[in-house]
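Participant: Questions regarding the structure given below will be posed in turn.
The values are calculated or read from the model by the stated rules, or taken from the named source; none is laboratory data. Since the structure is predicted, the reported quantities are computational estimates derived from the model, not experimental observations. Note: ideal-geometry Cβ built from the backbone for every residue, glycine included; neighbour counts use all protein chains shown. All accessible areas refer to the heavy atoms of the entire protein, side chains included, with ligands and DNA or RNA removed. Shrake-Rupley method; radii C 1.70, N 1.55, O 1.52, S 1.80 Å.
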Amino acid sequence: MKTIELFKAAWQSLHANPKRSFLTMIGIIIGIAAVITIMALGNGVKQKMIESFKTTEGGEQTTTINFLSDDPQKVGFTQQDILAIEQNFSGQVKNAKLEQKDSEITATAEFGNSAAQAVSLGLIKDPLKDLKLVAGKELTKTAIATGKNEALVAKEVARSQYGSLERALGTPVFINNTSYTIVGIYEKNMNVEGPALNDVIVPKALYLTTVDTTTGSNSLKLTITKGKSASTVSKKVVKYLKKNGSAKNNGRYEYFDAGAILQSISNVFDMLTYFISAIAGISLFIAGIGVMNMMYISVSERTQEIGIRLAIGATPRNIMNQFLLEAIMLTVGGGLLGFLCGWGLASLISTFLPYGIKAAVTLSSFLLAFGVSTAVGIIFGILPAKQAANKNLIDILR
């Protein structure tokens with residue numbers, strides 16, 4: 001039989017019992033839809049994670065190198081360091097610039113008549129919602145915007161410097177030769193990141209007017225050239241700074257390898273996605289049994305048709321190919337419908353997910369649906385097809 005005739009014969013046989021054919025396909029549809037839904041949502045979460053590390057419009061990754069200084073009076077990065085990095089890593093670093101952090105800034109502070117000491121400084125441009133105030137008042141939005149010389153001090157610092165929280169209120173603290181009045185005492189919040197974890201909190205705009213952030217900083221932001229590994233380039237820059245940095249003898253350079261962490265999380269997430277997909281794929285095995293059962297019934301019901309085909313010259317191979325093709329058409333049709341259902345279900349679920357996570361259906365997902373459904377058709381259709389091909393014409397005529 002010609003291929004086109006084989007397809008026509010298989011289609012006519014399936015179309016003769018549309019309800020039975022559709023009910024047989026339902027198991028395949030459900031199994032493929034479950035797998036595609038899980039994979040689409042998993043891919044969506046991965047893409048969102050990756051996008052969170054791509055902060056520039058061109059899609060380049062940005063990383064930050066911090067300098068932990070042994071001397072609060074000295075900064076880790078200068079314009080000289082930036083020029084050296086841009087010259088030595090011209091094809092890998094697209095841009096390098098000094099950055100002023102909002103927290104964990106090492107500064108020199110003088111409380112009352114005490115000697116100068118290093119403190120961690122937090123900068124705010126709006127009142128903190130999660131601040132645990134234990135005495136005094138918070139920095140108001142108006143005070144922050146107008147640059148009032150007011151500061152908040154952590155409870156531990158206030159007690160160590162003044163003996164009690166009440167004595168600390170209203171006293172001055174000198175930071176970078178600028179006087180701030182302590183108006184509130186807060187308890188460090190270990191459950192959040194940011195200024196609330198520092199020793200002293202002051203208005204950001206006012207503090208930046210007292211330091212020259214254009215000539216030096218303890219934070220350096222790198223924009224990595226697109227296509228380059230952010231982790232690899234950042235490690236090279238840190239290694240270079242340890243040997244040639246302007247402050248190499250006054251502290252240490254640190255780089256948090258977010259890319260490596262992201263890759264590890266991504267790998268674990270892939271394993272979980274495939275594991276859950278494998279569990280959902282059990283339904284495909286059950287559906288395959290249903291396809292095999294349906295094909296055995298079809299073979300027994302069409303014994304006369306098989307005998308007629310053999311009598312007019314069809315070979316056992318032609319018979320086997322037709323029944324095998326019917327099984328494959330059932331499973332592939334169910335697989336494609338399952339793919340569309342899974343895509344639609346994943347898109348619907350993603351509308352209720354936080355952080356803007358969107359379902360991501362890839363070409364590999366489509367190929368998986370097509371390949372698995374085809375494999376199910378072949379595996380569970382081959383035995384019934386062989387049974388049909390092995391029927392003896394003489395026995396049929398009897």
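Participant: From the set of residues in the stretch 1-28 that are open to solvent by 30 Å² or more (accessible area, probe 1.4 Å) and of a type in the set (V, I, T), which is modelled with the lowest pLDDT?
Facilitator: Going through the qualifying residues, I end up with T3.
Participant: In the stretch 239-251, which residues are at pLDDT 85 or above and surrounded by fewer than 16 Cβ atoms within 10 Å (Cβ to Cβ)?
Facilitator: Across the stretch 239-251, the qualifying residues are K239, K242, K243, N244.
Participant: Taking the residues in the stretch 175-208 that are of a type in the set (V, I, T) and within 16 Å of G136 (Cα to Cα) as candidates, determine which candidate is most open to solvent (accessible area, probe 1.4 Å). Lay out the reasoning, then the answer.
Facilitator: Taking the stretch 175-208 as the starting set, the residues that turn out to be of a type in the set (V, I, T) are 175, 178, 181-183, 185, 192, 200-202.
Narrowing the set further to residues that are within 16 Å of G136 (Cα to Cα) leaves 181-183, 185, 200-202.
Numbers: T181: 57, I182: 2, V183: 22, I185: 0, V200: 0, I201: 0, V202: 1 Å².
By that ranking, first place goes to T181.
Participant: Among the residues of the stretch 100-115, write down those that are among the acidic types (D, E) and in a strand (DSSP E or B).
Facilitator: E110
Participant: Under 6 Å between Cβ atoms, at least 6 apart or on separate chains: pull out the pairs that start in the stretch 55-69 with a residue that is part of a loop (DSSP other than H, G, I, E, B) and end on any residue that is of a type outside the set (A, V, I, L, M, F, W, C) and modelled with pLDDT under 55.
Facilitator: Every condition considered, the pairs that remain are Q61/K54.
Participant: A further question on this structure: Only residues that are β-branched (V, I, T) and either in contact with an Asp or Glu (Cβ under 8 Å, 6 or more places away or on another chain) or open to solvent by 40 Å² or more (accessible area, probe 1.4 Å) (or both): list them for the stretch 151-174, please.
Facilitator: V153, V157, V173
Participant: Of all residues in the stretch 344-398, which are at pLDDT below 85, among the polar types (S, T, N, Q) and closer than 22 Å to I308 by Cβ?
Facilitator: Hits for the stretch 344-398 are N390, N392.
Participant: While we're looking at this one, here's another question. Any residue in the stretch 349-357 that is touching a residue at least 60 places away in the same chain (Cβ under 8 Å), in contact with a Ser or Thr (Cβ under 8 Å, 6 or more places away or on another chain) and assigned to a helix (DSSP H, G or I)?
Facilitator: Checked the stretch 349-357: at least one residue is touching a residue at least 60 places away in the same chain (Cβ under 8 Å), in contact with a Ser or Thr (Cβ under 8 Å, 6 or more places away or on another chain) and assigned to a helix (DSSP H, G or I).
Participant: Please determine, by comparing only the residues of the stretch 262-271 that are aliphatic (A, V, I, L, M) and surrounded by 12 or more Cβ atoms within 10 Å (Cβ to Cβ), which one is modelled with the highest pLDDT.
Facilitator: So, considering only residues that are aliphatic (A, V, I, L, M) and surrounded by 12 or more Cβ atoms within 10 Å (Cβ to Cβ), the one modelled with the highest pLDDT is I265.
Participant: Further question on the same structure: Hey, F89 hits all of (1) within 16 Å of N198 (Cα to Cα); (2) buried (at least 19 other Cβ atoms within 10 Å of the Cβ); (3) at pLDDT 85 or above but one; which does it fall short on?
Facilitator: (1)
Participant: Quick one: what pairs do we get from the stretch 116-143, first residue outside any strand (DSSP E or B), second at pLDDT 85 or above and open to solvent by 60 Å² or more (accessible area, probe 1.4 Å), C-beta under 6 Å, 6+ apart or different chains?
Facilitator: A116/E110; P127/E138; P127/K141
Participant: A follow-up question, please. So which residues in the stretch 224-238 are surrounded by fewer than 16 Cβ atoms within 10 Å (Cβ to Cβ) and in contact with a helix residue (DSSP H, G or I) (Cβ under 8 Å, 6 or more places away or on another chain), if there are any at all?
Facilitator: The one that is surrounded by fewer than 16 Cβ atoms within 10 Å (Cβ to Cβ) and in contact with a helix residue (DSSP H, G or I) (Cβ under 8 Å, 6 or more places away or on another chain): S229.
Participant: Does the stretch 344-367 hold any residues that are touching a helix residue (DSSP H, G or I) at 6+ places or on another chain (Cβ under 7 Å) and under 29 Å from M294 (Cα atoms), and which are they?
Facilitator: Result: L345, S365, F366.
Participant: Provide a single number: the residues in the stretch 29-54 that are at pLDDT below 80, part of a helix (DSSP H, G or I) and either closer than 20 Å to G381 by Cβ or touching a Leu at 6+ places or on another chain (Cβ under 8 Å) (or both).
Facilitator: Of the residues in the stretch 29-54, 2 are at pLDDT below 80, part of a helix (DSSP H, G or I) and either closer than 20 Å to G381 by Cβ or touching a Leu at 6+ places or on another chain (Cβ under 8 Å) (or both).
Participant: Another one. Can you find, within the stretch 127-147, the residue that is farthest from the chain's Cα centre (by Cα) among those that are of a type in the set (A, V, I, L, M) and within 17 Å of N189 (Cβ to Cβ)? I'd like the intermediate steps shown before the answer.
Facilitator: Within the stretch 127-147, the first condition is being of a type in the set (A, V, I, L, M), and the residues that meet it are 128, 131, 133-135, 139, 143-145.
From the residues that got through so far, the ones that are within 17 Å of N189 (Cβ to Cβ) too are 128, 131, 133-135, 139.
On the way: L128: 28, L131: 30, L133: 35, V134: 38, A135: 41, L139: 36 Å.
Once the filter is applied, the top-ranked residue is A135.
Participant: Which residue is surrounded by the fewest Cβ atoms within 10 Å (Cβ to Cβ), if the candidates are limited to the stretch 307-333 and must be part of a helix (DSSP H, G or I) and β-branched (V, I, T)?
Facilitator: Ranking the qualifying residues of the stretch 307-333, first place goes to I308.
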